[in-house]
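Peer 1: Let me give you the structure first, and then I'll get to my questions.
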Amino acid sequence: MKLLKHIGGLLLILVAVIVVRTFMHTPPPMADVTPVNIEIDADSAAKHLSESITYRTVSNQSEADKNDAAFLGFIRWVKDTYPAVNNELELVMLNQTMLYKWQGSDESLKPILITGHYDVVPVIPGSEDKWEHPPYEGKIVDGIVWGRGALDDKSGVVGILEATTFLIADGFKPARTIYLSFGHDEEVGGPEGAGAVTAYLKENNVQLAWSLDEGSFLFKGMFPGVDNLIAAINVAEKGSVTLDIVATAAGGHSSMPPKNNAVGVLAKAINKLEENPMPGGLQGLSAIMFDGISRYFDFPMRMLFANRWLFDGVIDSQLSNVTFANAMLRTTTAPTMLSGSVKTNVLPIEAIATVNFRVHPRDTPESVQAYVESIVADEQISVRTRGGRGASDVSSWEADGFDLIGRSLREVYGDVAVTPGLIILSWVSRHMFR
Ligand SMILES: [Zn+2]
């Protein structure tokens, strides 16, 4: 009886700790934020974005296909449409990339760089009729601007130009020097744009405090139960590695198949890979990210995140079931291509599955391959790499620049869940963006 009482007492304490911690796991107070009310002429901004889309500033893999007139036209359009920016700021042309400098009054402050790009990816030949609205007309339908670059990334360029115009009209004079760069070749890697900007800043001994590029959004409805906008300020980009899983076996005729057919062996290997995702979890960047977002969850979910010392296992399996969250937690595994025999009645000597991995900053291309080899371990299986690259370095989310961007977001949008994030798309998927 006494023992039961003790157990009961301990349980009560445990429940009390869990509940108290949950009630303390709340968003940062809005009282610390001074809301600003910015009156933007949305129709005019939308019209400008629409106009910008009509310039066919397409980056092709082959330089010969480049429509130079479109690029020069776009540059001309920026100067004509944003005269205040062009008069107040100093423009340096680096090839066809525009670099504006807005001189600050305090030379002791390191400058910042805000960037976007105005080149776009080509429209896949033959897909024109699949566009709901033509790609280069910039149609505005029901309050939405349609066309190539509407999102990636003319919205970024036009947004920066609109904001700068607004600030100039408002009489704003920066203390810190601000650079604005509008790249012309980002979609082909940026050698003559971002590359030239970097070289130019280096030559002029400009050490930046921080820089902000495209790559994230204000998300709504990403997590069930979270009504607030989620603003992920991305501090790293995932890498991408592709491996061929190769099963070998004796060939022969399909009338007398051996037990260990290459296709069967390969199927087992793929199965193992799918059942054993790369390890991941709430550490480092992922931990900080979900700590911020979970403060907006409803009570039961918040309880889990407020008491990770107890519920980490539950959290891991819960998050792993949400496709988006899973991609934030670990290197993902995606079998994409298969090949086997070339004839219906010939046994394959080799069966190959191609698997694409999106590499989390916690892993490297080498560690991914080593893990895959350990999972598919079989004498009939070998793993060949098709190459790839690891994740980017991770920028600090404790730096002043991060804090400033987060605070600005809350000043403008109210109680937004600000969190460091991870770019999970890399160029292949980005090409599918409008
Ligand atoms: Zn882009």
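The values are calculated or read from the model by the stated rules, or taken from the named source; none is laboratory data. This one's a predicted model, so the numbers in the text were calculated from it and none came from an experiment. Cβ placement follows ideal geometry from the backbone for every residue including glycine, while neighbour counts extend to all protein chains displayed. SASA here: full protein model, heavy atoms, side chains in, ligands and nucleic acids out. Shrake-Rupley method; radii C 1.70, N 1.55, O 1.52, S 1.80 Å.
Peer 1: Filter the range 351-376 down to the residues that are open to solvent by 70 Å² or more (accessible area, probe 1.4 Å) and at pLDDT 95 or above, then identify the one that is nearest to Asp393 (Cα to Cα).
Peer 2: Checking each candidate, the answer is Glu366.
Peer 1: Can you find, within the range 117-130, the residue that is nearest to Phe402 (Cα to Cα) among those that are modelled with pLDDT of 95 or more and of a type outside the set (Val, Ile, Thr)?
Peer 2: His117
Peer 1: Filtering the range 113-147 down to residues that are part of a strand (DSSP E or B) and touching a residue at least 24 places away in the same chain (Cβ under 8 Å), which residue is nearest to the ligand (Cβ to nearest atom)?
Peer 2: Of everything passing the filter in the range 113-147, His117 is nearest to the ligand (Cβ to nearest atom).
Peer 1: Across the range 17-36, what is the total count of residues that are within 20 Å of Thr419 (Cβ to Cβ) and β-branched (Val, Ile, Thr)?
Peer 2: Residues meeting the conditions: 3.
Peer 1: If I filter the range 234-255 down to residues being under 23 Å from Asp378 (Cβ atoms) and among the aliphatic types (A, V, I, L, M), which single residue comes out as nearest to the chain's Cα centre (by Cα)?
Peer 2: By that ranking, first place goes to Val241.
Peer 1: Under 8 Å between Cβ atoms, which residue pairs at least 6 apart in sequence (or on different chains) link something in the range 253-279 that is within 16 Å of Ser339 (Cα to Cα) with a partner that is at pLDDT 95 or above and among the hydroxyl-bearing types (Ser, Thr, Tyr)?
Peer 2: If the second residue must be at pLDDT 95 or above and among the hydroxyl-bearing types (Ser, Thr, Tyr), the pairs left are Ala262/Thr248.
Peer 1: Tally up the residues in the range 199-228 that are within 16 Å of the ligand (Cβ to nearest atom) and either touching an Asp or Glu at 6+ places or on another chain (Cβ under 7 Å) or of a type in the set (Gly, Ala, Ser) (or both), please.
Peer 2: Final tally of qualifying residues: 4.
Peer 1: Can you confirm whether Ala150 is among the hydrophobic types (A, V, I, L, M, F, W, C), within 24 Å of Pro83 (Cα to Cα), at pLDDT 95 or above and within 16 Å of the ligand (Cβ to nearest atom)?
Peer 2: So Ala150 fits the description; yes.
Peer 1: Let me ask another. Go over the candidates Ser286, Ser294, Ser255 one by one and state the one that is out of contact with any Ser or Thr (no Cβ under 8 Å at 6 or more places or on another chain), at pLDDT below 90 and not assigned by TED's automatic domain parsing to the domain that holds Leu109.
Peer 2: None of the others qualify; the one that does is Ser286.
Peer 1: Please report, ordered by residue number, the strands (runs of 3 or more DSSP E) entirely within the range 331-412 with at least 1 residues that are free of Cβ contacts under 8 Å to residues at least 24 places away in the same chain.
Peer 2: Per the criteria, 332-339.
Peer 1: Kindly list the number of the only condition in (1) within 16 Å of the ligand (Cβ to nearest atom); (2) under 25 Å from Asn86 (Cβ atoms); (3) small (Gly, Ala, Ser) that fails for Ala196.
Peer 2: (1) is the only condition that Ala196 fails.
Peer 1: For Gln61, work out the one condition from (1) modelled with pLDDT of 95 or more; (2) within 27 Å of the chain's Cα centre (by Cα) it doesn't fulfil.
Peer 2: Of (1) modelled with pLDDT of 95 or more; (2) within 27 Å of the chain's Cα centre (by Cα), only one is false for Gln61: (1).
Peer 1: If we only count strands (runs of 3 or more DSSP E) wholly inside the range 161-252, which ones have 2 or more residues that are modelled with pLDDT under 95 and open to solvent by less than 30 Å² (accessible area, probe 1.4 Å)?
Peer 2: Of the strands (runs of 3 or more DSSP E) lying wholly inside the range 161-252, those with at least 2 residues that are modelled with pLDDT under 95 and open to solvent by less than 30 Å² (accessible area, probe 1.4 Å) span 230-237, 239-248.
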